[in-house]
Amino acid sequence: MPQTQDKHINDLNVAVLAGGIGPEREVSLHSGQTVFSALRQAGMTALLSDITPQDTRILDDVSIDVFFLALHGTFGEDGGVQSLLEQRGLAFTGAGARASGRAFDKVISKAAFARVGACVPRHIVVAADDTEASLRRKLDGFAQRVVVKPISQGSSVGISIPDDSSDAAAIALACFETYGDCMIEQFIPGREITVGIVNGQALPIIEIRSTAAFYDYNAKYIADSTEFLFDTIDDAQLVRHIQQVALDCFEALGCRHLSRVDLMLTAENVPYVLEINTLPGFTSHSLLPLAARKAGIPTPELCRRIVQAAWNDHHAAATSGKTTDRMQNLNKETNL
């Protein structure tokens with residue numbers, strides 16, 4: 001891989017990695033096409049590569065300067081492809097392997113959020129030896145309403161909100177059987193909001209209003225009835241607080257370049273952090289590019305800035321052997 005740090009941004013060769021495996025593969029391919037087109041519009045040299053664990057030949061291309069990850073779910077956000085890139089000493093966008101793995105695990109990430117003072121819903125982890133009876137005992141008095149979700153999946157894959165909490169035990173066991181892990185989480189009523197983060201800065205808050213029971217896979221990527229609204233929170237101090245909570249969670253996991261933090265805002269204006277997505281989508285329904293446009297940053301410029309940050313970080317780490325502070329300072333050179 002070329003190691004000339006003083007290359008101009010438009011001289012960099014960028015490979016957009018998309019596809020991957022699992023239920024989010026098609027979404028990833030759409031994200032990859034959007035990023036590829038955006039980089040070309042920004043005047044950059046880019047190619048689009050469909051990568052899977054069985055076919056990683058693109059990583060052997062020594063002409064590539066930066067790999068832009070447009071992967072979602074398993075192999076994309078769980079640290080799998082990031083481990084391969086780190087082992088080869090390659091520059092890439094998004095969180096590193098360790099931070100990606102922590103963010104992909106909802107139990108580990110929630111513990112990290114709580115340590116920095118963020119409010120998180122209570123939860124119960126389904127164990128391999130649990131039965132319907134044992135789960136019902138655990139759920140006795142737990143919450144009026146619950147959410148059943150896999151611990152390590154993205155894009156609302158596998159999530160259920162039982163109409164009757166008495167059904168949660170059976171639904172949770174089915175979830176565990178399908179995905180290999182499962183948690184039952186306290187349902188937080190309120191307004192669904194999300195905060196995009198690019199290069200350490202929070203983007204405008206988006207409120208999501210879905211006609212579905214919740215913001216599920218269909219509402220995220222297919223339905224045109226879902227509303228994505230800005231400026232729905234009038235209290236400027238509350239806006240700043242929500243954005244700071246999102247930034248604290250981003251930093252708590254050691255994320256970089258881009259992420260999206262999903263929250264619920266209660267009637268009492270308390271933000272509860274649900275999860276962090278370290279590789280947000282770039283489809284026509286995706287929220288990070290939408291928030292960036294609200295901030296005056298078109299998608300081509302957004303993608304260019306993310307590539308620049310990845311290039312800066314890679315060379316900062318290679319030349320100094322450290323430090324998070326140094327990386328953050330370099331990112332601020334291309335901030336929003």
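Computed quantities for the displayed model
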{"item": "Residue list for region 41-86, filter: without any contact (Cβ under 8 Å) to a residue 12 or more places away in the chain and more than 26 Å from TYR179 (Cα to Cα)", "result": "ARG57, ASP60, GLU86"}
{"item": "Any hit, region 34-44, residues being more than 23 Å from ASN312 (Cβ to Cβ), at pLDDT 95 or above, within 25 Å of the chain's Cα centre (by Cα) and not polar (S, T, N, Q)", "result": "no"}
{"item": "Considering residues of region 281-305 that are buried (at least 24 other Cβ atoms within 10 Å of the Cβ) and out of contact with any Gly (no Cβ under 7 Å at 6 or more places or on another chain) only, the residue farthest from ALA42 (Cα to Cα)", "result": "GLY281"}
{"item": "Within region 85-117, considering residues that are basic (Lys, Arg) and more than 13 Å from the chain's Cα centre (by Cα), the one surrounded by the most Cβ atoms within 10 Å (Cβ to Cβ)", "result": "LYS110"}
{"item": "Count of residues meeting criterion [at pLDDT below 95, part of a loop (DSSP other than H, G, I, E, B) and out of contact with any strand residue (DSSP E or B) (no Cβ under 7 Å at 6 or more places or on another chain)] in region 201-236", "result": "10"}
{"item": "Single match in ASP60, ASP50 (criterion: modelled with pLDDT of 95 or more, acidic (Asp, Glu) and either more than 21 Å from HIS314 (Cβ to Cβ) or in the same structural domain as VAL157 (by TED's automatic domain parsing) (or both))", "result": "ASP50"}
{"item": "Qualifying residue in region 140-154 (condition: of a type in the set (Val, Ile, Thr), out of contact with any helix residue (DSSP H, G or I) (no Cβ under 6 Å at 6 or more places or on another chain) and modelled with pLDDT of 95 or more)", "result": "yes"}
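Residue by residue, here is whether (1) among the charged types (D, E, K, R); (2) in a loop (DSSP other than H, G, I, E, B) holds:
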position: ALA95; (1), (2): no, yes
position: ALA99; (1), (2): no, no
position: ALA111; (1), (2): no, no
position: ALA114; (1), (2): no, no
position: PRO121; (1), (2): no, yes
position: SER166; (1), (2): no, no
position: GLU192; (1), (2): yes, no
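The values are calculated or read from the model by the stated rules, or taken from the named source; none is laboratory data. Everything numeric here is computed off the predicted structure, so don't read it as measured data. Because the Cβ atoms are built from the backbone with ideal geometry, glycine has one as well, and the counts that use them run over all protein chains shown.
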